Every structure is written in C-alpha cells, then in structure tokens.
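The values are calculated or read from the model by the stated rules, or taken from the named source; none is laboratory data. Here the structure is a predicted model, which is why all the values come from computation and not from measurement. Backbone-built Cβ (ideal geometry, glycine too); neighbour counts: all protein chains shown.
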2 protein chains.
Amino acid sequence: MNNNYELYKVFYWAAKTGSLTQAAKALYITQPSVSHAIKQLEDNFGITLFYRNPKGVSLTQEGAVLYSYIEQSQILITLAEEKMAALKNLDSGELRIGGSDSLFKHYILPYLEEYHRKYPGVRLHLNHGTTPEVISFLKEGRIDLGVVRMPITDPQLEVKESLELQDCFVAGPRYAELKDVPLSLTKLQQYPIILFSRNSRARMAITELFQSYGHTLKPEIEVGSVDLLIELARKGLGISYVTREFVSKELEAGSLFEIKLDVQLPPSQVGIMTMRSMPLSSAAVRFMELIV
Amino acid sequence: MNNNYELYKVFYWAAKTGSLTQAAKALYITQPSVSHAIKQLEDNFGITLFYRNPKGVSLTQEGAVLYSYIEQSQILITLAEEKMAALKNLDSGELRIGGSDSLFKHYILPYLEEYHRKYPGVRLHLNHGTTPEVISFLKEGRIDLGVVRMPITDPQLEVKESLELQDCFVAGPRYAELKDVPLSLTKLQQYPIILFSRNSRARMAITELFQSYGHTLKPEIEVGSVDLLIELARKGLGISYVTREFVSKELEAGSLFEIKLDVQLPPSQVGIMTMRSMPLSSAAVRFMELIV
DNA sequence: ATTGTTCATAGACGTGATCTATAGCTCCTG
DNA sequence: CAGGAGCTATAGATCACGTCTATGAACAAT
C-alpha cells in the first residue's frame, strides 16, 4: 500500500467533479488515465472507492471517508502553492535587515520606502546593533542582510561595498573662529571633542588615526546616538566627529560647519553583508538589486 | 508551476529528517533521487527551500513556510491511508442492515453477535421497515443490505435466498381441543384469527392462499408486532398466524401448539438483498460470507 | 433505432524517475 | 596533516510506468 501521492490528486478531482471525464479535463490528461489512476488506488487499498453510474461516478462509503481526509490535504497543497507563488513575486514574505540606527536613518530609509512602495506585501524588520552584533544576527539566521561599516573580514560573509562615506569633525557657530582654517590634530585636541561612545567602526578608525600620528584621542563627551552627536555640536558643547553625509542638511543650513584638518581623514566604506552559505530570499535579492 | 505531488512527499521527509540521505532511506529510494526531487521543487517554485549544510539540510525561510502547509497535508494523507487500512481489515467502518424486527430478532441476531465478536470495530446499524421501505433504503444508499421475505422481483436488486421458513397457525392451551386434529380452512375461520396488521409479505401470502381456496380471511385481531402475536395466542385470545421457526421455544415448552390444516401452507423464503450496481463494502461482504 | 453520454480496457509509446558512479565539500580523528 | 566518513550535487544510462490513442460496452435521451 505505497501509493503515489499523485494518485490522490486524481482521486480528489474525480470525487470533487463526480466525473472521471471532468477530472481528466481539470488535470489536462485523458479520461483513460484518470480511470487507470482510480483503479490503481482501489487495487492498492483493496477497496472500491466509487460507484460507476451511467452519468458519472459517486463515492462509496469508504470513498467518502477517504475523501474527507484527502480533500483537506489537497486544499493545503493548493494553499501552499499559492503561498509560494506569492512569496516569489513578493506579494508576501519578509525582509529582515540588521545595521546601525544611523545607517538606517540616513542611508537605508529612502530605499526602504521605495521597496515598500513596490512590494507592500513584504513585511519589513529592522534590527539595530553594533557590527559584531549584526554579524551574530546574520549567523543565527535572524536577519537576511546586514548594513555595516567596512572593513569586514569574516570569510563566512559575502560583503558588497555600496557607499563611501567621509567622516569629519564639525562644530556649531560657537566655534566660528575655526571656520575655513586648516587645523592640526594638536590644535584640535585643545577643544572639547564629542565622540560616539559605542565601540563602533567609526570610533575605532579615528582613534587609530590619532595614534598613527602619535596622539591619543580623549573625548570630552561620549554619546550613544548620532543624532545627539549632531545636536551637541550645534549647541556649541564641542566638536563632534560625524559622518559628513549624515549632517549635510545642517552643513547647508549653516548650523554646523566642517573643520578642515591638515591631515587627510580616511573615507569609510559601507558594505552590505550576507551569509555566503545561505541562499538569499527573493525579498532580499530584490532589495540588494534596488540598493546597488 | 505544476508540481507532481509526489515531490511534496520527498520534501516532507527531507525537511522532517533534515537530511536528504535520511529522507532517501525513509522513502526507499537513493539519495540522488531525493536531491533531484528537491531541485525540481526549487526550480519550479523559483525559490530555494533548503540551506545545504555540511551535515545535512535545513529549511530556508520560504522552505519553512512551505513546510508548515505540506506537513499538515502529508499527515492527513498518512491518516487517510491508515484509515483505509483499518476499513479494509474491518478495524473500523460500519454495516447497515435493513429488515423487519422479527427477522432481526429471530434470524439475524445470532449472526450479528458473532460478527460483532469478530469485528468489534465495525459499527452496526439496524433499520427496520416493511419490505418496500427496506428496498427504498437500499436504493437511497442508507443501508448496505436488506433482509426480507421473498419473492423480490426488482431487477436492480441482487437477491440471495438464505433461509426457508414455514408459517403456520398456532394456539394456546385454551384451544387444546384443536391439538393434533387436522382442520379445514372453513373450520379454522370459526375461531378468532390474529394476524400481523402491517402490509407484510407473510400476511399477503396467507390472504392469497385463502382466496385461492375461495375463502376470505377476516382477522379478529390485528397487531403490529410478532411478539404480541405470540403473546395473544398464548393468552388464548385467538389463533395466530406466525412463523414456526419464531415460536419454536413456545412449541417445545407447550405454551403453544401448531394447528394442523388439511391444506399445505406454502413455505416462505428469506432473502438477502443488495443493490446490483453498487459494490459492497468490505464490512457487508464479510457479513454475507458469515450468513451463508 | 440512433446519437451522445458515461467509464473500462488493450496495447503502444516515450517521458522522466530512478539508478550507479563519481566528484566536491566539511568535519572529525589518529 | 592525512585519511576517513559524513554530507550533497552532477552526469549519464536504463527501464518502469504514466499517458496516449483506439475501441468497447453500458446506459439515457431524443
């Protein structure tokens, strides 16, 4: 009694339509094939499933019992196929992105809006965390892709550089005297420096830079949010180290200005990380296409 | 996207075991076959269903969605197959018999007891009614077989004669003077006759017999139950026309005696009716075997 | 009678599921 | 570090079996 499950599909349609001929049409096969399939089922079970009437077929007692199970089963399969089709053309599904709040706000957000407009059926999840946390999320399968600062060296990860950012020091009107005057690192350190407190890539990069010039960077203030970093600089509490692209509005408006240095600050790359071994969901693939 | 449902069986086992190799073993096919089947599903959907890990496979997001549907579907099919096996070897199912109460009580009952002992899983239904009613039940598919008096001439019905009965007149001690004295029909009619009231085969037969001898049978009392027929005769209220085999106990005990007639009363046949066009359920087939 | 249904059966055909063999990969172990 | 033991993927050959066409048989309706 090892039935090919395909036979149940035939049985389902035969029972549902009450006609082997109709079932054949629904399944795009010929009537003898249906006849044969039903016969197989009946032989395998050793039970007659249909009465053969002059104008079709009808279920026997036992056939009706079988149908009560098979009907549900077939409906589930149909639903499954519809669901998969929906997932494929992104009428449903979900996209889970990991990264820092600032990147979300200033880089990812416009793409997310566009994505959501195109695929309103896809549920969006944002998980913020530090770069190592985001990598963990990825490896645990909790997110589809991560948006972080380079460099990432993990061999398990596929990283695609997608955006170049330039970090810089900015200050508010209070320090107007520094405007347009190239500053040395030594001079800079005489002012209160405001840095991002968390162990971020950007923080590490600037610390290393100072060290390579023989300086030690000691921030006056440390904050946990990029927005706060900007706010504090505007209010004149010090000089903030921020990503230039994230303060473009303030720079244009004049509420902040960039401090020129006599050394070149290295640009930083933003990369999109994915797990090398894990195939991307369609939802994620489309987002990647969008962002490039 | 027109998947062979057999593929879902493979998918189910692959997902369930987390290993194509294990799935292959469960399905008694080879690992490449499983590999191939999964690939087909993935190609047809255009969606990757499994992550290929070094020690097996695991479901992707989309694969997990599919699994949630397919798992239910497959469980239903498994249940269906178990149910059908149970129906086949009569661990479940039902047997529905139509007939008269007297035949149930005096003829069918012992077979029903034996049947129930052999197949306790089969639910038994008895539907009593007159012969035409039983025939209707059969044609409406409300019973599997009918037990009735012959003759039955309906061409749609298959009838198997299974028992010969002899109807006779019986009386109680009150009429002891009639014992062992052959009686003519004319004489008989001088006594109060008790007949079954309903339009039964037995009643029709005896009425016809009287007519063939130029008499008209006018019962003093009519009752609707064979038991009452017997009871009234015992109490001396008249002479009952009953089936000899159904009063064998009373005849032996002496509470009733048979009245000899100078004419031969024709025997009557009991037949088991089934619908010619409808295959019998296994439960019914077994019962037929038992009763023959 | 005749025509149009229905399902069943027989036999031929060809696809496609399954097989064997093998490669590539990771992990574990001596 | 080499070798073994897992795992899955791929290629190519084979043949079972699902599907087809053609036909029959039974029944209903015109």
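Consider residue B:7 against the criteria (1) touching a residue at least 24 places away in the same chain (Cβ under 8 Å); (2) away from DNA strand C (no atom under 12 Å from the Cβ): it satisfies all of them except one. Which criterion is unmet?
So the condition that residue B:7 fails would be (2).
Kindly establish whether residue B:207 is part of a helix (DSSP H, G or I), under 30 Å from residue B:126 (Cα atoms) and polar (S, T, N, Q).
Criteria met by residue B:207.
Kindly provide the set of residues from segment A:59-78 that are at the interface with chain B (Cβ under 7 Å from one of its Cβ atoms), assigned to a helix (DSSP H, G or I) and either among the polar types (S, T, N, Q) or within 33 Å of the chain's Cα centre (by Cα) (or both), ordered by number.
Correct list: A:61, A:72, A:73, A:76, A:77.
Here's a check for you: in segment A:44-54, which residue that is touching a residue at least 12 places away in the same chain (Cβ under 8 Å) and more than 7 Å from chain B (Cβ to nearest Cβ) is nearest to residue A:132 (Cα to Cα)?
A:44
Could you list, in sequence order, all residues of segment A:250-284 that are of a type outside the set (Lys, Arg), within 14 Å of chain B (Cβ to nearest Cβ) and surrounded by fewer than 16 Cβ atoms within 10 Å (Cβ to Cβ)?
Within segment A:250-284, just A:277 meets the criteria.
Can you tell me which of (1) in the same structural domain as residue A:102 (by TED's automatic domain parsing); (2) more than 18 Å from residue A:129 (Cα to Cα); (3) β-branched (Val, Ile, Thr) is the one residue A:221 doesn't meet?
So the condition that residue A:221 fails would be (1).
Suppose the filter is assigned by TED's automatic domain parsing to the domain that holds residue B:261 and not aliphatic (A, V, I, L, M); does residue B:174 pass it?
Yes: the conditions hold for residue B:174.
Output the number of residues of segment B:177-209 satisfying the condition of being surrounded by 11 or more Cβ atoms within 10 Å (Cβ to Cβ) and either without any contact (Cβ under 8 Å) to a residue 40 or more places away in the chain or among the acidic types (Asp, Glu) (or both).
The qualifying residues number 8.
Can you tell me which residues in segment A:28-47 are outside any helix (DSSP H, G or I), of a type outside the set (A, V, I, L, M) and under 22 Å from residue B:78 (Cβ atoms)?
Hit for segment A:28-47 is A:46, nothing else.
Within 16 Å of DNA strand C (Cβ to nearest atom), within 45 Å of the chain's Cα centre (by Cα), acidic (Asp, Glu) and within 14 Å of chain A (Cβ to nearest Cβ), is that true of residue B:82?
On the way: within 16 Å of DNA strand C (Cβ to nearest atom): no; within 45 Å of the chain's Cα centre (by Cα): yes; acidic (Asp, Glu): yes; within 14 Å of chain A (Cβ to nearest Cβ): yes.
No.
Filter segment B:1-25 down to the residues that are within 14 Å of chain A (Cβ to nearest Cβ) and part of a loop (DSSP other than H, G, I, E, B) and list them by number.
The answer is B:1, B:2, B:3, B:4.
Residue under question is residue A:40, and the condition is that it be within 16 Å of DNA strand C (Cβ to nearest atom), closer than 21 Å to residue B:7 by Cα and more than 10 Å from chain B (Cβ to nearest Cβ); does it hold?
In short, yes.
Name every residue in segment B:15-49 that is crowded, with 16+ Cβ neighbours inside 10 Å and either within 7 Å of DNA strand D (Cβ to nearest atom) or more than 20 Å from residue A:280 (Cα to Cα) (or both), in order of residue number.
B:17, B:19, B:20, B:22, B:23, B:24, B:26, B:27, B:34, B:35, B:37, B:38
Please list, ordered by residue number, the strands (runs of 3 or more DSSP E) wholly in segment A:79-176 having 2 or more residues that are in contact (Cβ under 8 Å) with a residue 40 or more places away in the chain, surrounded by fewer than 16 Cβ atoms within 10 Å (Cβ to Cβ) and charged (D, E, K, R).
The qualifying strands (runs of 3 or more DSSP E) are A:157-171.
Tell me which residues, restricted to segment B:210-227, are more than 33 Å from the chain's Cα centre (by Cα), surrounded by 15 or more Cβ atoms within 10 Å (Cβ to Cβ) and not in a loop (DSSP other than H, G, I, E, B).
B:210, B:221
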